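The structure appears right after this line, and notes come after that.
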Amino acid sequence: MCGIAGSVFWSGGREQGAQLNAALDAIEARGPDGRGIWQDDLCHLGHLRLAIIDLSDRAAQPMPSNEGRHVIIFNGEIYNFEQIREEIGSTYAWRSHSDTEVILAAYLRWGPECLQKFRGMFAFAIWDRVDQSLFVARDRMGVKPLYFHASENCFAFASRPRAIFKLLPDLSRQFDQQALRLYLESGYIPAPYACHEAIRKLEPGHYLRISANHFEKVCYWSLDKIGTDSTKEHKSESELLDELDKLIDESVQLRMVSNVPVGAFLSGGIDSSLVVAYMKKHATGPVKTFTIGFDDHEFDESQHAQAVADHLATDHVREHLSAQDLLALMPTYLEEYDEPFFDYSAFPVMAVSRLARRHVTVSLSGDGGDEAFGGYHYYKLAQDLSQLQRLPRVLRSVLSGVLKRLPNHKLKLLAGALSSEGNPQTFAFVRSVIKDFKQVMSPEMVSRTRSLEDLFATRAAAFASDLSPAEAAMRLDLSYTLPDDYLQKVDVGSMAFSLEAREPLLDHPILEWAASLPLKWKVRSGINKYLLRELAYRYVPREILDRPKMGFGVPMAAWLRSELREWAENLLAERELMRKVGLDYAQVMQVWQDHQDGRRDAQSCLWSILVLLQFVKKFEAAE
């Protein structure tokens, strides 16, 4: 796990040492164990190292190939690197025991097809000094971030966007209005968009090949076309559980490979408990687990986590925090999430990462289980709403109008969903942080940009034709919400404290298997995540695991009426700032007042607006 930054100037003749060091300084928490720079006349590569595999200097980066033609910088882990190394064998003269060198050797042998071999999380770049070309790749699910700028004479890239501005100090700072529209609706910026027009994100499962006269982007992996496997329709529950048991067991075992201490985040829910149970099978001693507890019992999962830890006999570490303790992380949040990012569960993620880093360098998590196996109530809702979508448009319009006039908040949301056209659009409404507060965006912003509904509908049109509305919703979450929200949250939140987070449930064999699983094994008799839940019961008793889903939240609604009110009102007073990012001042203030008076719970909409305003204000002040 590391931080990377690099640039290529096709006209050559540039010295980039100062810019590279400034870029690395901007993301230094990602790699506290080493720093390296490599340059030739065209290409400039920088690397920050968090040493996990092969702690020796032989594994340092940037790493040249044996003959010196190719140079690699790499962020992430290839968990099956030992198997790939064995397959390549003595045809390559190995100099280290690192996964970095395995990537380089695999690329020299198979070219871009090497990506099909890798099981892991990665963002890497390989420079070919002879062809004067760059190969850049990102892992299948986008666990590791990769931002880039491409122009006629220059290509620059980095783990975080702020590093690119250090590489290219004169780069345009113009905000991307399309990205801001999607952020305001979803709470994150979906790839390939980024906050600024001059920067893009490489999509998960894609690679780039770039030279002076060539720019090629290729999708090498996707779940989009995977439909239901009819053979799984007829298998028994026991057979399917055995298959899934084997897949997850292998994935967890691979992710325990490390030359530094390994632990796990433990919430007490299905996914993290299952991961820890498999870790226990392969660990030589008690597994170290970490949980954050809160004063507010509505958000406190620590007792549930303790029950799982007691059952699995882990070496459990729990830290209890107050609201003020979490709010003290605000400066870190605003610094490290260096593009607008709404998800305030980042606060507890940062807190548990800080706790874990005091004891280990690597921590496993349960991310991905909900999206792959049907864990969110949204999916059943998407299935139910699809039935209402069959009603005539006129009837839906009348029903929506009636519901909007009722005081109940959830009925207002149902009214909004009914007014959407088609299943992907309806799910976009359900997933939106703005919901029925879209009036906060100015008419100009709305008229010149595409909506989240349009983004979802376009992507869903490429899915396998036999997907149900619930499965299409899961696939949309796997395409956007998971990589651009949840995985970014964990990557940035953990790397802020130099901790590597690993996600066993995102091993691509598991995801492909789950994508072909019939819906009845995901959502069954009103039970979400049915099959994964039944597998968890093999390892942790039902009475410990069965509880309402909580999520990793904070009392934001209350904070905006108390601790954060003054900060928020100071930001909301800046009318010009609102206009610049496409917000309607009067409408935003009406939503703010409705929230303060208790007429509506608008915490999600307001927090997304406040984070955007704070980001723009801070960014412009730094210019």
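Looking at segment 44-83, which of its residues are open to solvent by 40 Å² or more (accessible area, probe 1.4 Å), more than 16 Å from Asp99 (Cβ to Cβ) and part of a loop (DSSP other than H, G, I, E, B)?
The answer is Asn66, Glu67, Arg69.
Can you tell me how many residues within segment 161-217 are of a type in the set (Gly, Ala, Ser), on the phi < 0 side of the Ramachandran plot and assigned to a loop (DSSP other than H, G, I, E, B)?
Qualifying residue count for the region: 5.
Hey, Asn213 hits all of (1) free of Cβ contacts under 8 Å to residues at least 12 places away in the same chain; (2) buried (at least 24 other Cβ atoms within 10 Å of the Cβ) but one; which does it fall short on?
Result: Asn213 fails condition (2) only.
From the list Arg561, Arg538, which one is out of contact with any Leu (no Cβ under 8 Å at 6 or more places or on another chain), in a loop (DSSP other than H, G, I, E, B) and surrounded by fewer than 19 Cβ atoms within 10 Å (Cβ to Cβ)?
The conditions single out Arg561.
Scan segment 275-296 and tell me whether some residue there is open to solvent by less than 10 Å² (accessible area, probe 1.4 Å), modelled with pLDDT under 95, β-branched (Val, Ile, Thr) and within 24 Å of the chain's Cα centre (by Cα).
So far as segment 275-296 goes, yes, one or more of its residues are open to solvent by less than 10 Å² (accessible area, probe 1.4 Å), modelled with pLDDT under 95, β-branched (Val, Ile, Thr) and within 24 Å of the chain's Cα centre (by Cα).
Look at Arg390 and say whether it is open to solvent by less than 40 Å² (accessible area, probe 1.4 Å), among the basic types (Lys, Arg) and at pLDDT below 90.
no
Would a scan of segment 424-440 turn up a residue that is open to solvent by 20 Å² or more (accessible area, probe 1.4 Å), touching a residue at least 12 places away in the same chain (Cβ under 8 Å), in a loop (DSSP other than H, G, I, E, B) and over 22 Å from Val523 (Cα atoms)?
Scanning segment 424-440 turns up at least one residue that is open to solvent by 20 Å² or more (accessible area, probe 1.4 Å), touching a residue at least 12 places away in the same chain (Cβ under 8 Å), in a loop (DSSP other than H, G, I, E, B) and over 22 Å from Val523 (Cα atoms).
What are the residues in segment 305-336 that are closer than 24 Å to Val616 by Cα and open to solvent by 10 Å² or more (accessible area, probe 1.4 Å), if any?
Answer for segment 305-336, where residues must be closer than 24 Å to Val616 by Cα and open to solvent by 10 Å² or more (accessible area, probe 1.4 Å): Leu327, Ala328, Met330, Pro331, Thr332, Leu334, Glu335, Glu336.
Of the numbered conditions (1) assigned to a helix (DSSP H, G or I); (2) of a type outside the set (Ser, Thr, Tyr); (3) at pLDDT 95 or above, Ile226 satisfies every one except a single condition; which is it?
(1)
Consider Ser465 carefully, then state whether it is farther than 21 Å from His206 by Cα, open to solvent by less than 20 Å² (accessible area, probe 1.4 Å) and in contact (Cβ under 8 Å) with a residue 24 or more places away in the chain.
Answer is no for this residue.
Taking the condition surrounded by fewer than 18 Cβ atoms within 10 Å (Cβ to Cβ), among the small types (Gly, Ala, Ser), touching a Leu at 6+ places or on another chain (Cβ under 7 Å) and in a loop (DSSP other than H, G, I, E, B), does Gly12 pass?
yes
In segment 596-610, how many residues are open to solvent by 10 Å² or more (accessible area, probe 1.4 Å), assigned to a helix (DSSP H, G or I) and touching a residue at least 12 places away in the same chain (Cβ under 8 Å)?
Of segment 596-610, the ones open to solvent by 10 Å² or more (accessible area, probe 1.4 Å) are 596-601, 603-604.
The next check asks that each one be assigned to a helix (DSSP H, G or I); those that pass are 596-597, 603-604.
Subsequent filtering for residues that are touching a residue at least 12 places away in the same chain (Cβ under 8 Å) retains 596, 603-604.
Result for segment 596-610: 3.
Restricting attention to segment 25-43, report how many residues are touching a residue at least 60 places away in the same chain (Cβ under 8 Å), closer than 13 Å to Pro62 by Cα and not in a loop (DSSP other than H, G, I, E, B).
Looking only at that region, the number is 1.
With the requirement that a residue be over 24 Å from the mean Cα position of the chain (by Cα) and more than 17 Å from Tyr107 (Cβ to Cβ), what does segment 209-226 give you?
Scanning segment 209-226 gives Ala212, Asn213, His214, Phe215.
Mind checking whether some residue in segment 501-519 is in a loop (DSSP other than H, G, I, E, B) and more than 26 Å from Lys246 (Cβ to Cβ)?
No, the conditions are met nowhere in segment 501-519.
Residue by residue through segment 84-113, note down the ones that are over 28 Å from the mean Cα position of the chain (by Cα), surrounded by 16 or more Cβ atoms within 10 Å (Cβ to Cβ) and either free of Cβ contacts under 8 Å to residues at least 12 places away in the same chain or under 17 Å from His47 (Cβ atoms) (or both).
Selection gives Ser96 alone.
For segment 575-595: of the residues being without any contact (Cβ under 8 Å) to a residue 40 or more places away in the chain and out of contact with any Leu (no Cβ under 8 Å at 6 or more places or on another chain), which is least open to solvent (accessible area, probe 1.4 Å)?
Only one residue fits best here, namely Asp594.
Pro443: under 19 Å from Cys605 (Cα atoms), modelled with pLDDT of 75 or more and surrounded by fewer than 16 Cβ atoms within 10 Å (Cβ to Cβ), yes or no?
yes
Restrict the check to segment 369-381 and report whether at least one residue is among the acidic types (Asp, Glu) and either modelled with pLDDT of 65 or more or surrounded by 17 or more Cβ atoms within 10 Å (Cβ to Cβ) (or both). So that I can check it myself, show each step before the final result.
Keep residues of segment 369-381 that are among the acidic types (Asp, Glu), which gives 370-371.
With the extra rule that they be either modelled with pLDDT of 65 or more or surrounded by 17 or more Cβ atoms within 10 Å (Cβ to Cβ) (or both), the set shrinks to 370-371.
Among the residues of segment 369-381, at least one is among the acidic types (Asp, Glu) and either modelled with pLDDT of 65 or more or surrounded by 17 or more Cβ atoms within 10 Å (Cβ to Cβ) (or both), which makes the answer yes.
Which number in (1) under 26 Å from Asp485 (Cβ atoms); (2) surrounded by fewer than 18 Cβ atoms within 10 Å (Cβ to Cβ); (3) hydroxyl-bearing (Ser, Thr, Tyr) marks the one condition that Ser151 misses?
Among (1) under 26 Å from Asp485 (Cβ atoms); (2) surrounded by fewer than 18 Cβ atoms within 10 Å (Cβ to Cβ); (3) hydroxyl-bearing (Ser, Thr, Tyr), Ser151 violates only (1).
May I ask you to list the residues in segment 114-137 that are open to solvent by less than 10 Å² (accessible area, probe 1.4 Å) and under 26 Å from Glu86 (Cβ atoms)?
Residues of segment 114-137 open to solvent by less than 10 Å² (accessible area, probe 1.4 Å): 114-115, 118, 121-127, 134-137.
If the condition is that a residue be open to solvent by less than 10 Å² (accessible area, probe 1.4 Å) and under 26 Å from Glu86 (Cβ atoms), then Cys114, Leu115, Phe118, Met121, Phe122, Ala123, Phe124, Ala125, Ile126, Phe135, Ala137 are the ones that fit.
All but one of (1) of a type in the set (A, V, I, L, M); (2) assigned to a helix (DSSP H, G or I); (3) surrounded by 14 or more Cβ atoms within 10 Å (Cβ to Cβ) hold for Val554; state the number of the condition that does not hold.
(2) is the only condition that Val554 fails.
State which residue is farthest from Val440 (Cα to Cα) when the search covers only segment 579-595 and only residues that are β-branched (Val, Ile, Thr) and part of a helix (DSSP H, G or I).
Only one residue tops the list, namely Val591.
Please give the number of the condition Leu240 fails out of (1) surrounded by fewer than 23 Cβ atoms within 10 Å (Cβ to Cβ); (2) modelled with pLDDT under 95.
Checking Leu240 against (1) surrounded by fewer than 23 Cβ atoms within 10 Å (Cβ to Cβ); (2) modelled with pLDDT under 95, the one that fails is (2).
The values are calculated or read from the model by the stated rules, or taken from the named source; none is laboratory data. The structure presented is a predicted model; accordingly, all values stated were derived computationally and were not measured. For neighbour counting, all protein chains shown are included, and Cβ atoms are generated from backbone atoms with ideal geometry for every residue, glycine included. For accessibility, only protein heavy atoms count, side chains too; no ligands or nucleic acids. Shrake-Rupley method; radii C 1.70, N 1.55, O 1.52, S 1.80 Å.
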